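S.K.: Below you'll find the structure I mean.
The values are calculated or read from the model by the stated rules, or taken from the named source; none is laboratory data. Since we're looking at a predicted model, the values are computed, not measured. Cβ placement follows ideal geometry from the backbone for every residue including glycine, while neighbour counts extend to all protein chains displayed. Heads up: the accessible areas ignore ligands, DNA and RNA and are worked out on the full protein's heavy atoms, side chains in. Shrake-Rupley method; radii C 1.70, N 1.55, O 1.52, S 1.80 Å.
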Amino acid sequence: MNLLHFSRTNRTHVLAVLTLIVMAVFVVRLFYLQIIQHSFYAMLANNEQIRQLDLPAVRGEIYAMDGKNPVKLVLNETTYTVWADPHVIADANDVARTVSSAVGNKVVKSMDELLANTDSRYAVIAKEVTSQEAAKIKKANLYGVGFTAGIRRVYPEGQLASQVLGFVNADGEGQYGVEGALNDELKGKDGLLKTVVDIREVPLTIGSENVNIPAKDGDNVVLSLDRNIQNAAEQLLPQQLKKVGATDGSLLVMDPNTGKVLAMANYPTYNPNDIKKVKDIALFNNPIISHPYEPASVIKTVDFSTAIDKGAIEPNSTYINTGQIQIEDRTINNASKPAYLMGKIDMQTALNWSFNTGAVTAALRLGNDKDTVDAKARQILYEYYHDRFHLGELTGIELQGETPGIVIPPSDPQGNAVRYANMTFGQGLDITTLQTAAAFSAIINGGVYHPPTIVDGTIDDDGVFVQSESKQTNRAISESTSRKMREMIHVARQQFGYNSQDPAGYYIGGKTGTAQTIENGQYTFSQQTGTYIGFGGTPGEKPAYVVMAYVAKKNTQLGGEDAKVVFDPMSNWMINYLKLPPKG
């Protein structure tokens, strides 16, 4: 055999075997990569090519009413974050000068240092830049400078209704007021885009892994606030407080027939566009819903309503007034004791003069024991105060920060005869201005309690105003009781010439309240709270509005009269604004 031939044949066989082995390795490797490890490498590819992007929802805007038409009170504005690539900008000083000139103090404090760091490829140099300011920078055509668009909350009318609206913090979350209470509805729900991107991170429309869940923008909320009434209240309140020397106050206007809040003003207040300037965070609170207080004599309207509704008294029912009344170990006095009103007087006179003896007597006649506010009388008072007029509990108004206050039940050891006697003239319980106004509205509107509301509806995607459904109501007192109380309150306003500022031909009623505050566990006259609550309308028709004024003042015993100074011009303004026809 030829050795040379054998050697060549053997090498051919060896090469063939080696080739088969190499091919087998490739096949096995490909099988391992493409079959066994398919999921792993597909995941790596997806990580490189697929991006998951959040699609931010647009926060809903807030409207107020302008008569019968919704108008924007809170809106969104496009703003920009200005950034630079220090590695490629031509002249850091030129960039700094141009941006500073365009945006002023919106540049970041460390802008010069950031621009000087050429190792960085991204540096934020200005924030919350408006479209007009961004246009000035773009006009300079600065190489290496870019813009990222965003949205910020804007309150174009400044402090108007600020303690009703609240604000949005840096994290996009609503704080206080409507912004806080309806944060979920306003902010909507972010969407999701999961898609293949190109080398520039631009989303493509190819790929089986694509996910596109559109964002659901927030609701556009329409408030029951009337912008014109709110503005009038905020203009009038500080002017009238200054006249009486009061330190702070509130002014609330409601539609008593629906429970809708038409204006809710407080002084002092703040501008939600400049919350960084607010030094006292207590200004963010809305005292009308967050500050329970002892309502004093305005609550006598609830006490008398209860007694009339139960048939215990009538407006012309009489009792013997001695200027004081004894309940167990406590002597309760009237604030004033004119000699000619000692002896037999009727309940109308007691309300006119705001006699505590009349209020306590009305409560006594609810029970079986005419010498004390017994268990039966206390249970009836609690039923009306708490269960029917909803004093001492949350009203459910669509505002963050509401406080319930407290009306102690007779089942509590503190719910004794003395406390309930004090409750008839507004001591021994804590309620809010809003609770008081809602209860008063039920007394004079025909007897129906409407839960107060500040949301009137929404603006749908087509720009149509859709009104909200009315909240569930309850009957607090009978129509007959309401009619009698309405007239009693109207007559009471005639006392002391309280009606001297009323225009002729209108049916207006009101009640004062002057409350001492507590210092070191004792009542004191060094700081008073005064309230005046009243209604107005055309004679023979249901009242068209309720106005409640609250003032805080040092060293006075006439808080109710001071609050009346706030009530009067607001009441007259409402008559003109609503174009109410006078009698005849």
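S.K.: Would you mind counting up the charge near Asn445? Only other residues with Cβ under 15 Å from its Cβ, with Lys and Arg at +1 and Asp and Glu at -1. Could the numbers behind the result be given before it?
M.R.: Values: positive: Lys260, Arg388, Lys471, Arg475, Arg483, Lys484, Arg486, Lys542; negative: Asp255, Asp309, Glu479, Glu487, Glu541.
Once positives and negatives cancel, what remains is +3.
S.K.: Another question about this same structure. Could you state the principal axis extents of the C-alpha atoms in region 403-544, from the largest down, to the nearest angstrom?
M.R.: 58, 41, 32
S.K.: Around Ala84, what is the net charge, scoring Lys/Arg as +1 and Asp/Glu as -1 over all other residues with Cβ under 15 Å from its Cβ?
M.R.: Values: positive: Arg97, Lys106, Arg121, Lys127, Lys138; negative: Asp85, Asp91, Asp94, Asp112, Glu113, Asp119.
Residues close to Ala84 contribute a combined charge of -1.
S.K.: How tilted is helix 227-244 with respect to the longest principal axis of the chain? Cα atoms for both, answer in degrees (0 to 90, nearest 10).
M.R.: 50 degrees
S.K.: Next question. Which order, highest average first, do 69-79, 108-118 follow once you tally other Cβ atoms within 10 Å for each residue and take the mean per peptide?
M.R.: On the way: 69-79: 17.2, 108-118: 14.9.
For the peptides 69-79, 108-118, the packing ranking is 69-79, 108-118.
S.K.: Compute the convex hull volume of the Cα atoms of region 399-479, divide it by the residue count, and report the result per residue in Å³ as a whole number. Present the calculation step by step, with values, prior to reporting the outcome.
M.R.: Numbers: hull volume 11.5 nm³, N = 81.
Convex hull volume per residue, Cα atoms: 142 Å³.
S.K.: Report the percentage of all Cα-Cα pairs in region 243-383 whose separation exceeds 25 Å, rounded to a whole percent. List each step's numbers first, then the result.
M.R.: Numbers: 4621 of 9870 pairs.
Counting pairs separated by more than 25 Å, the tail of P(r) holds 47 percent.
S.K.: Using R₀ = 45 Å, calculate the FRET efficiency as 1/(1 + (r/R₀)^6) where r is the Cβ-Cβ separation of Lys68 and Ala140; round to 0.05. Could the numbers behind the result be given before it?
M.R.: Numbers: r = 48 Å, r/R0 = 1.07.
Given R0 = 45 Å and the Cβ-Cβ separation, E is 0.40.
S.K.: Give me the Å³ per residue figure for the convex hull around the C-alpha atoms of the chain. Show your work: numbers first, answer last.
M.R.: Details: hull volume 154.1 nm³, N = 584.
Hull volume over Cα atoms, normalised by residue count, gives 264 Å³.
S.K.: A follow-up question, please. What does the net charge come to around Gln159 if you take all other residues with beta carbon closer than 13 Å to its beta carbon, with K and R at +1 and D and E at -1?
M.R.: With Lys, Arg at +1 and Asp, Glu at -1, the neighbours total -2.
S.K.: For a Förster distance of 41 Å, can you work out the FRET efficiency between the beta-carbons of Asn474 and Glu128, rounded to the nearest 0.05? Don't jump to the answer; show the numbers that get you there.
M.R.: Working: r = 48 Å, r/R0 = 1.17.
Taking R0 as 41 Å, the efficiency between Asn474 and Glu128 is 0.30.
S.K.: What ranking of Glu383, Glu479 comes out by heavy-atom accessible area, probe 1.4 Å, highest first?
M.R.: Values: Glu383 60, Glu479 120 Å².
Order by accessible area, largest first: Glu479, Glu383.
S.K.: Here is a follow-up. Mind checking which of Ala246, Asn141, Gln427 is farthest towards the positive end of the chain's charge dipole, using Cβ charges of +1 (Lys, Arg) and -1 (Asp, Glu) about the Cα centre?
M.R.: Of Ala246, Asn141, Gln427, it is Asn141.
S.K.: Probe radius 1.4 Å, ligands and nucleic acids left out: which of Lys106, Lys344 has the largest accessible area, and how do the rest follow? Each step should come with its number before you reach the end.
M.R.: On the way: Lys106 55, Lys344 150 Å².
Putting Lys106, Lys344 in descending order of accessible area: Lys344, Lys106.
S.K.: On to the next question. If you count, for each residue, the other Cβ atoms within 10 Å and average over each peptide, how do 360-368, 560-568, 131-139 line up from highest to lowest? Working shown, then result.
M.R.: Values: 360-368: 21.9, 560-568: 25.1, 131-139: 14.7.
Highest-to-lowest ranking by the protection proxy: 560-568, 360-368, 131-139.
S.K.: Which length gain, in nm to one decimal place, applies between Arg330 and Lys370 when the Cα-Cα distance is subtracted from 0.36 nm times their residue separation?
M.R.: That works out to 12.9 nm of additional length.
S.K.: May I ask you to work out the translational diffusion coefficient for region 323-438 at 20 °C, viscosity 1.002 mPa s, via Stokes-Einstein with Rh from the Kirkwood sum over Cα pairs, reported in whole µm²/s? Before the final figure, lay out each step's value.
M.R.: Working: Rh = 15.2 Å.
For these conditions, the coefficient is 141 µm²/s.
S.K.: Measure up Lys106/Lys136; Lys72/Lys139; Lys138/Lys276 against 24 Å on the Cα-Cα distance and list the ones that go over.
M.R.: On the way: Lys106/Lys136 14 Å; Lys72/Lys139 32 Å; Lys138/Lys276 29 Å.
Cα-Cα > 24 Å for Lys72/Lys139; Lys138/Lys276; rest within.
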